[in-house]
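The structure appears right after this line, and notes come after that.
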Amino acid sequence: MEQAVLLAGRVREGDPRATARLISMVEREDPSRLEALKLLHAWGGRAHIIGITGPPGSGKSTLTDKLVAELRARNRRVAVAAIDPSSPFTGGAILGDRIRMNRHATDEGVFIRSLATRGHLGGLSRACSETVRVLDAAGYDDIIIETVGVGQSEVDVVRLADTVVLVSVPGLGDDIQAIKAGVMEIGDVFCVNKADKDGTERVVREIRAMLETAVMNGASTRFSELFSALSTLSGAAHESAPDEGDEEKAAKEHFQQGAAHHVAKQGRDHGELQLPPVLATIAETGQGIAELVDAIKAHEAGLAATGLLALRRRQNLSWELGKAAADSILSILEGEERRVELDEQAAAVLAKKRDFYEALAIIRASLASRS
Amino acid sequence: MEQKIRVLVAKPGLDGHDRGAKVIARALRDAGMEVIYTGLRQTPEQIVSAAIQEDVDVVAMSILSGAHNHLFPRVMELLKEKGVDDVLVIGGGVIPDEDIAGLKAAGIAEVFTPGTPTTATIEFIKNNLKRKA
Ligand SMILES: Nc1nc2c(ncn2[C@@H]2O[C@H](COP(=O)(O)OP(=O)(O)OP(=O)(O)O)[C@@H](O)[C@H]2O)c(=O)[nH]1
Ligand SMILES: [Mg+2]
């Protein structure tokens with residue numbers, strides 16, 4: 001207990017060793033981490049959590065490196081959680097994302113942590129949300145999560161990030177297919193990296209066309225939710241609320257300008273359609289990075305101004321609580337005592353003493369009486 | 001509770017190729033360890049900061065340029081300055097026999113010269129961790 005108080009205190013002060021230690025405890029699910037996490041609970045919720053996701057090799061780490069530099073130039077303290085897959089055979093991993101970012105290692109305003117998935121599917125590491133909570137409590141203003149290269153089902157990052165940047169690259173035929181198959185819904189900001197390569201314009205156009213189709217079909221996407229909240233907001237603003245907080249108003253205007261700017265820059269007449277930004281970047285040279293950060297920050301401002309930030313965080317947390325509850329019930333079921341009980345019920349069902357559903361009801365009743 | 005050995009594989013100094021470092025990184029991964037690879041041309045300061053943030057159990061450095069007598073002890077010095085005393089530090093690369101005693105005196109636990117089978121390195125790590133894993 002005393003140790004937890006000490007550790008939590010040092011994390012709060014931004015001590016990188018303590019932060020790193022606590023993340024290791026989180027990763028190995030050390031029960032003694034809970035005391036420290038509880039103590040840190042009051043400090044969380046301030047960071048802007050940014051997810052960077054996209055196919056393997058699309059330049060996520062290189063982009064992250066440049067985003068860190070740009071955010072530092074804007075005086076933000078930045079933490080990175082970079083995730084790479086564990087080998088399913090040996091449990092080992094080579095975590096190579098840091099190669100692209102290690103120049104920031106000695107900057108005291110930057111903390112980079114490589115995480116292995118350790119068997120977790122979905123593009124994040126098992127303990128990613130707790131890790132983000134630690135980094136948040138340690139006072140980093142922005143937390144960037146680089147997911148493993150996504151396929152179609154690896155989209156857990158939407159449960160954790162306020163702003164998801166979906167990275168594509170030219171020259172990946174099935175990249176667009178993957179996006180079509182539903183990954184597109186998860187993006188808040190779209191980035192076509194490696195814009196030094198042929199075919200960039202085409203990928204930008206295709207993504208935009210798909211976004212347009214989604215909007216016209218009324219598909220429910222992360223950005224359509226935001227745009228409709230924003231239009232409600234600007235409708236209300238027309239009726240002019242003089243007591244509206246300056247900060248909120250500024251944030252709102254900032255976002256609307258940002259969105260308008262990006263739409264205008266895309267050089268298309270979208271009529272009434274509002275589309276999220278689709279930006280071309282060259283991560284290797286830093287081209288387009290400032291605009292990408294502008295778009296990310298405009299998105300955050302939009303979320304904050306509409307109240308969606310709080311709403312999404314609540315939805316995510318309730319999802320996480322549900323999952324944790326299910327896990328804990330599962331671990332009860334997997335206990336020896338329950339196994340015996342399950343086995344007895346199975347025997348009873350086979351012997352036709354009762355049917356499957358009666359057996360299930362008995363198990364549920366006994367679980368409920370337990371908790 | 002799942003315990004994983006975490007290793008930082010680092011290339012200090014100016015030499016421009018890292019085949020050896022990559023071979024050892026892969027061998028350690030295949031032995032079930034989590035390997036953080038930092039890439040070429042790392043300063044001792046960068047290596048130590050990365051080791052702290054990644055909370056590794058082991059720092060494995062490889063060097064071909066001949067600057068080991070300066071760079072390896074410098075890493076040890078910085079670790080000490082930061083109060084890090086529970087990390088196993090090993091070295092490898094082209095290192096003349098007569099330099100090894102000096103490096104060990106500076107705190108490098110073992111030095112692996114070219115031709116050492118990777119299994120020897122893996123065994124050494126498993127048997128000499130400073131923290132229990
Ligand atoms: N031509 C070009 N290459 C780039 C650009 N950005 C990154 N790369 C290169 O693309 C390769 C992969 O970059 P990473 O940043 O490691 O990509 P990643 O998405 O993090 O890769 P994983 O984490 O393995 O999925 C590297 O060789 C980079 O140098 C770019 O804008 N243009
Ligand atoms: Mg990467």
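The values are calculated or read from the model by the stated rules, or taken from the named source; none is laboratory data. Worth saying up front: this structure is predicted, and the values here are computed from it rather than measured. For neighbour counting, all protein chains shown are included, and Cβ atoms are generated from backbone atoms with ideal geometry for every residue, glycine included.
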Query - Number of positions in the range A:72-107 that are of a type in the set (V, I, T) and more than 9 Å from every other protein chain (Cβ to nearest Cβ) - result: 3
Requested in this report: Taking B:K80 as meeting all but one of (1) of a type outside the set (F, W, Y); (2) in a loop (DSSP other than H, G, I, E, B); (3) surrounded by fewer than 21 Cβ atoms within 10 Å (Cβ to Cβ); (4) modelled with pLDDT of 95 or more, write down the number of the exception.
Outcome: (2)
Query raised in the report: more than 16 Å from ligand 2 (Cβ to nearest atom) and assigned to a helix (DSSP H, G or I) - does that describe any residue in the range A:43-63?
Result: yes
Query raised in the report: Taking only pairs six or more apart or across chains, which ones have beta-carbon atoms under 9 Å, a first residue in the range A:53-75 that is within 19 Å of B:T38 (Cα to Cα) and touching a residue at least 40 places away in the same chain (Cβ under 8 Å), and a second residue that is among the hydroxyl-bearing types (S, T, Y) and within 13 Å of ligand 2 (Cβ to nearest atom)?
Result: A:K60/A:T53; A:K60/A:T147
Report task. Find all pairs meeting these conditions: Cβ atoms under 9 angstrom apart; at least six residues apart or on different chains; first residue within the range B:55-70 and assigned to a loop (DSSP other than H, G, I, E, B); second residue surrounded by fewer than 24 Cβ atoms within 10 Å (Cβ to Cβ) and among the polar types (S, T, N, Q). Result -> B:D55/A:S24
Query raised in the report: Name the pairs: first residue in the range A:99-112 and in the same structural domain as A:D141 (by TED's automatic domain parsing), second residue of a type in the set (F, W, Y) and away from ligand 1 (no atom under 14 Å from the Cβ), Cβ to Cβ under 7 Å, at least 6 apart or on different chains?
Result: A:F111/A:Y140
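Every residue, every condition in (1) out of contact with any strand residue (DSSP E or B) (no Cβ under 6 Å at 6 or more places or on another chain); (2) more than 13 Å from every other protein chain (Cβ to nearest Cβ); (3) modelled with pLDDT under 95, yes or no:
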site	(1), (2), (3)
A:E2	yes, yes, yes
A:R17	yes, no, no
A:L22	yes, no, no
A:E27	yes, no, yes
A:S32	yes, no, yes
A:A42	yes, yes, yes
A:I50	no, yes, no
A:T64	no, yes, no
**Report entry** Residue list for the range A:63-91, filter: crowded, with 21+ Cβ neighbours inside 10 Å and within 16 Å of ligand 1 (Cβ to nearest atom)
**Finding:** A:L63, A:T64, A:D65, A:K66, A:L67, A:V68, A:V80, A:A81, A:A82, A:I83, A:D84, A:S86
**Report entry** Subset of the range B:25-54 [within 7 Å of chain A (Cβ to nearest Cβ) and in a loop (DSSP other than H, G, I, E, B)]
**Finding:** B:A31, B:G32, B:M33, B:T38, B:G39
**Report entry** Residue count, the range B:1-24 (criterion: at pLDDT 95 or above and in a helix (DSSP H, G or I))
**Finding:** 0
Requested in this report: Evaluate the range A:129-136: report whether one residue or more is touching a residue at least 60 places away in the same chain (Cβ under 8 Å), within 24 Å of A:G59 (Cβ to Cβ) and charged (D, E, K, R).
Outcome: no
Query raised in the report: How many of the residues making up the range A:284-310 are among the hydrophobic types (A, V, I, L, M, F, W, C), away from ligand 1 (no atom under 16 Å from the Cβ) and within 18 Å of A:V157 (Cβ to Cβ)?
Result: 5
Query - Odd one out for B:L8, checked against (1) surrounded by fewer than 24 Cβ atoms within 10 Å (Cβ to Cβ); (2) within 13 Å of the chain's Cα centre (by Cα); (3) of a type outside the set (S, T, N, Q) - result: (1)
Query raised in the report: Does the range A:135-144 contain any residue that is modelled with pLDDT of 90 or more, within 15 Å of ligand 1 (Cβ to nearest atom), in the same structural domain as A:D84 (by TED's automatic domain parsing) and buried (at least 21 other Cβ atoms within 10 Å of the Cβ)?
Result: yes
Query raised in the report: When only residues in the range A:90-133 that are of a type in the set (D, E) and out of contact with any strand residue (DSSP E or B) (no Cβ under 8 Å at 6 or more places or on another chain) count, which is nearest to B:L28 (Cα to Cα)?
Result: A:E130
**Report entry** Residues of the range A:82-97 satisfying the condition of being away from ligand 2 (no atom under 12 Å from the Cβ) and either out of contact with any Lys or Arg (no Cβ under 8 Å at 6 or more places or on another chain) or within 13 Å of A:I52 (Cβ to Cβ) (or both)
**Finding:** A:P88, A:F89
